[in-house]
1. Which of (1) closer than 20 Å to Leu229 by Cα; (2) out of contact with any Asp or Glu (no Cβ under 6 Å at 6 or more places or on another chain); (3) of a type outside the set (Gly, Ala, Ser) does Asp146 not meet, given it meets every other one?
2. Could you list all residues from region 309-340 that are under 21 Å from Ser100 (Cβ atoms) and of a type in the set (A, V, I, L, M)?
3. Looking for something assigned to a helix (DSSP H, G or I), over 30 Å from Glu363 (Cα atoms) and either modelled with pLDDT of 85 or more or not charged (D, E, K, R) (or both) - is there at least one such residue anywhere in region 399-422?
4. Can you name every one of the strands (runs of 3 or more DSSP E) wholly within region 293-348 that holds 1 or more residues which are among the hydroxyl-bearing types (Ser, Thr, Tyr) and in contact with a Lys or Arg (Cβ under 9 Å, 6 or more places away or on another chain)?
5. Among the residues of region 150-185, write down those that are of a type in the set (A, V, I, L, M) and surrounded by 14 or more Cβ atoms within 10 Å (Cβ to Cβ).
6. Across region 287-321, what is the number of residues that are surrounded by fewer than 14 Cβ atoms within 10 Å (Cβ to Cβ) and hydrophobic (A, V, I, L, M, F, W, C)?
7. Kindly list the number of the only condition in (1) touching a residue at least 40 places away in the same chain (Cβ under 8 Å); (2) under 21 Å from Ala341 (Cα atoms); (3) not in a strand (DSSP E or B) that fails for Ala284.
8. Among the residues of region 192-205, how many are surrounded by 10 or more Cβ atoms within 10 Å (Cβ to Cβ), in a helix (DSSP H, G or I) and either of a type outside the set (Lys, Arg) or in contact with a Pro (Cβ under 9 Å, 6 or more places away or on another chain) (or both)?
Amino acid sequence: MFLTEKAFQSPRSPDPCDGRPSQLQPGRRSAKLTGYATRSPTLPRGYLLSVMMRFLIRSTIVLAILGGLGWAAYRPASSYLRERNRPRYREDAVAVRTVSMVVNSTGEVKPVLSVSVGAFVPGPIERLHVEFNDRVKKDQLLAEIDPRIYIAAVERDRAALATRQAEVERIKALLQQAINDENRSVALREENPDFISQAEIDRFHFNRLSLKAQLDVALATVEQGQALLDNSRAQVDYTKIRSPVDGIVINRKIEPGQTLATQFQTPELFIIAPDMDKKMYIFASVDEADIGLIRQAQEEQRPVHFTVSAYPDDLFSGQIEQIRFSSTVTSNVVTYPVVVAAPNPDLKLLPGMTADLSFEIEERKDVLCVPNAALRFYPEPRHVRVEDRRLLDGTETASDEEEENQELSAKQKAEAGAKRNRRHVWVRDGDRLRAIEIVTGLSDNRYTEIVEGDLQDGQKLVIGLKTADEAAGG
C-alpha cells in the first residue's frame with residue numbers, strides 16, 4: 001500500500017480527538033489504496049494507527065510462534081549435531097596371553113655338505129651312469145672317460161719295465177763274470193806273482209765295481225719303470241669317476257660325448273649332497289644390532305621357526321647351529337651369517353630355497369598385554385582431557401629430546417633406552433579421552449607385555465577412529 005505524503009497532511013482529514021464526525025463518505029473506506037495515486041485520498045489518522053497496530057500485533061505473534069518453535073527445536077537439534085560430530089572410536093581389550101619376542105630374518109637353504117666331484121684326467125665322456133636326484137653310494141661308478149690312450153700308456157710302461165728288468169739280469173750276469181775273473185786273478189797271484197801282473201788284477205777289480213754300480217742303476221730304472229706303470233694304471237682308474245660319499249646327486253654338469261680339459265683347473269662334473277634327508281642348513285643374514293639377542297637365544301637353546309614359499313602352510317623348526325664371525329658389509333649395513341639346522345625327513349627343504357625365519361628370543365606366558373595398535377594411537381588434543389594435553393603438545397618430552405640431542409655417554413644412552421619403555425594408552429572418560437601411563441616389556445607383532453600400569457584384564461583401550469562406514473554400521 002503506497003500513500004502520498006498529502007494523504008497524511010490533508011487539512012480536510014478529521015482529527016479523531018476533536019469529536020467531529022468524519023467527513024469521509026462510507027463508500028470511500030473500501031477504495032483501493034494500492035499503487036501511486038494520482039489523487040491523494042483523505043484517510044483518517046485513527047484508521048492508519050489501527051492498521052499499524054494490527055500489523056505489529058500479528059508480526060509479534062508470528063515472531064513469538066517462530067521463536068517458540070526454534071526454542072523447542074534447539075535442544076534436540078543441538079543434541080543431534082553434538083552426537084553426529086562426536087568421534088567414534090575403535091577399541092580393543094587388554095588381555096592375558098603369551099607373548100614372544102622374535103628377530104626376523106631371511107636365509108638360504110643349503111645342504112650340510114656339498115661334495116664337488118671332478119675329473120683328474122682329460123678326455124671325452126664315454127658313459128654316464130647317474131642322473132639328477134639319483135641316490136648314490138660311496139665308490140659307485142658315476143661316469144667313464146674314454147680310457148684308450150691311458151690303456152696304451154699302461155702297455156708302453158709295462159714293456160719299458162720289462163726291458164729294464166732284462167737289463168738288470170744282463171748286468172747281474174756280467175757282474176758275476178767280473179767277480180769270477182777277479183777271484184781267479186787273485187788265486188793266480190797267490191800261487192805265483194809272476195803269473196799275473198798287478199795291473200791286470202786292478203782291471204778285474206774295478207771292472208767288478210763298475211758292473212756293480214751299473215746293476216744299482218739298472219735296479220733304480222726298474223723302480224722308475226714300475227712307478228711309471230703304476231702312474232699309467234692310476235690314470236686308467238681315474239677315467240672311471242666314482243662317488244666319494246653316500247648322498248644325492250643335486251647337480252650334473254656334463255653330457256655324454258663332452259670333452260674334458262684339465263690343464264688349468266679340475267672340471268666339476270657332479271655335486272653330491274650327503275644326508276639331505278637327515279638335516280639341512282639355513283644360512284641367515286642377521287643385522288649386527290640383533291646378534292646379541294641371537295647369541296642369547298643360542299645359549300638358551302630357543303627354537304627357530306621358518307617358512308618357505310614352496311610350502312606356505314607348513315611351519316618348520318630348527319636350532320641355531322652356529323654364529324659365524326665373518327661379517328658382510330652391504331651399503332654400510334653389517335650382517336653376520338647365522339647357521340640354523342633343521343630336520344628334513346620329507347625332503348621338502350631343497351637347496352636354494354629362501355626361508356623366512358623367526359628367531360625366538362624370549363617368551364613369557366600368562367602376562368597382561370595391550371594391543372600394539374593402542375600404543376600407536378595418538379588422539380587430537382581437542383578430544384582429550386585438559387590435563388592430558390601436555391602429552392600431545394610435546395611439553396613433557398621437550399627436555400628428554402634436548403638430552404637426546406646432546407652427546408651422551410654409553411651409560412646415559414643405556415638409561416635413555418630404558419626410558420623409551422614408558423608409554424601411554426588412552427581410555428574413554430565420558431566424552432573425552434584419558435591417558436594411562438604404562439611400562440612395556442616384551443613385544444610381538446600384535447601385543448606388548450605390560451610391566452607396570454593401572455590396567456585390568458578386559459579393559460577397553462582406544463586403538464583408532466572408526467571410518468564412516470564403520471560408524472554408520474554401529
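The values are calculated or read from the model by the stated rules, or taken from the named source; none is laboratory data. Just so it is clear, the model here is predicted, and its values are computed rather than measured. Cβ sites come from the backbone with ideal geometry, for glycine too, and all protein chains shown count toward neighbours.
1. (2)
2. Leu315, Ile320, Ile323, Val338, Val340
3. Step one: filter region 399-422 for residues assigned to a helix (DSSP H, G or I), giving 399-405, 410-419.
Imposing the further condition that a residue be over 30 Å from Glu363 (Cα atoms) reduces the set to 399-405.
This time we only want the ones that are either modelled with pLDDT of 85 or more or not charged (D, E, K, R) (or both), so: 399, 405.
Yes - at least one qualifying residue is present in region 399-422.
4. Numbers: elements: 303-308, 311-323, 328-330, 333-342.
Hits in region 293-348: 311-323, 333-342.
5. The first filter runs over region 150-185 and keeps only residues of a type in the set (A, V, I, L, M), leaving 151-154, 159-162, 166, 168, 171, 173-175, 178-179.
Across region 150-185, the qualifying residues are Ile151, Ala153, Val154, Ala160, Leu161, Val168, Ile171, Leu174, Leu175, Ala178, Ile179.
6. Final tally of qualifying residues: 3.
7. (3)
8. At the first step, the residues of region 192-205 found to be surrounded by 10 or more Cβ atoms within 10 Å (Cβ to Cβ) are 193, 195-198, 200-205.
Okay, now just the ones that are also in a helix (DSSP H, G or I), so 198, 200-205.
Add one more test, that the residue is either of a type outside the set (Lys, Arg) or in contact with a Pro (Cβ under 9 Å, 6 or more places away or on another chain) (or both), and what stays is 198, 200-202, 204-205.
The qualifying residues number 6.
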